[in-house]
Amino acid sequence: MKISFSPSPVYSPHGRERTQGEDLTSVSENDLRWYYFLGQLSISHADVEIGPSWGWIPLFDAMCSVRNAMRSAREGSGVWKVDFTENAELITFEFDRGSLRATPTYLETTLQCSVDEFVDAGTRFIAGELQRVMLEYPTLAGNQAARALAQAVRRIASAPRIRRGQ
């Protein structure tokens, strides 16, 4: 499974990181999730792509949503819905005995993989994107919401793995 993000040439220039200045130390989690780092999200596995087609997704909203889905996945069976700040679309993640089924409302397809594959992909995605944006905006490293996100993902990634048949 792969989760990735790419800045949008059309929408990225409108993110507040570019319009409000570069000191991101005190920006709230809510503001990061709604107004900063706009781009395109890709979620794929085995030639199935379920990332939304619109390119104005705020990166932190995507990362926080993936973090929450990862947490739910580690807790075992259940359903987690990821909604988007910019419209009414969503992705439903269903977890059952170590497997994941992700179904978006905006496509006629379903992605399936193991929970471990999803958690590993989510961990790589969030760690990689945090590193990328902190290199461009070093003050983000001092932001409490960004630090809390990184810590939460490390905890989830190190939690016991779900085994098939549990």
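The values are calculated or read from the model by the stated rules, or taken from the named source; none is laboratory data. Given the structure is predicted, the values throughout are model-derived calculations rather than measurements. Here the Cβ positions follow ideal geometry from the backbone for every residue, glycine too, while neighbour counts run over all protein chains shown. Each accessible area value is taken on the protein alone, full model and side chains, heavy atoms only, with ligands, DNA and RNA left out. Shrake-Rupley method; radii C 1.70, N 1.55, O 1.52, S 1.80 Å.
Please determine whether any residue of segment 9-23 is among the β-branched types (Val, Ile, Thr) and either open to solvent by less than 40 Å² (accessible area, probe 1.4 Å) or within 19 Å of ALA146 (Cα to Cα) (or both). Show your work before the answer.
First pass over segment 9-23, keeping only residues among the β-branched types (Val, Ile, Thr): 10, 19.
Add one more test, that the residue is either open to solvent by less than 40 Å² (accessible area, probe 1.4 Å) or within 19 Å of ALA146 (Cα to Cα) (or both), and what stays is none.
Looking for residues that are among the β-branched types (Val, Ile, Thr) and either open to solvent by less than 40 Å² (accessible area, probe 1.4 Å) or within 19 Å of ALA146 (Cα to Cα) (or both), one finds none in segment 9-23, hence no.
Taking PHE60 as the residue in question, decide whether it is farther than 23 Å from GLU17 by Cβ and among the aromatic types (Phe, Trp, Tyr).
Numbers: farther than 23 Å from GLU17 by Cβ: no; among the aromatic types (Phe, Trp, Tyr): yes.
So PHE60 does not fit the description; no.
Please work out which residue is nearest to TRP34 (Cα to Cα), limiting yourself to segment 77-92 and to residues that are modelled with pLDDT under 95 and open to solvent by less than 20 Å² (accessible area, probe 1.4 Å). Don't jump to the end; show me each part of the working.
Here is the first cut: in segment 77-92, the ones modelled with pLDDT under 95 are 77-90.
When the remaining residues are screened for being open to solvent by less than 20 Å² (accessible area, probe 1.4 Å), the result is 82, 84.
Values: VAL82: 14, PHE84: 10 Å.
Of everything passing the filter in segment 77-92, PHE84 is nearest to TRP34 (Cα to Cα).
Quick one: GLY122 ticks every box in (1) touching a helix residue (DSSP H, G or I) at 6+ places or on another chain (Cβ under 9 Å); (2) open to solvent by 10 Å² or more (accessible area, probe 1.4 Å) bar one, so which box is it?
Answer for GLY122: the failing condition is (2).
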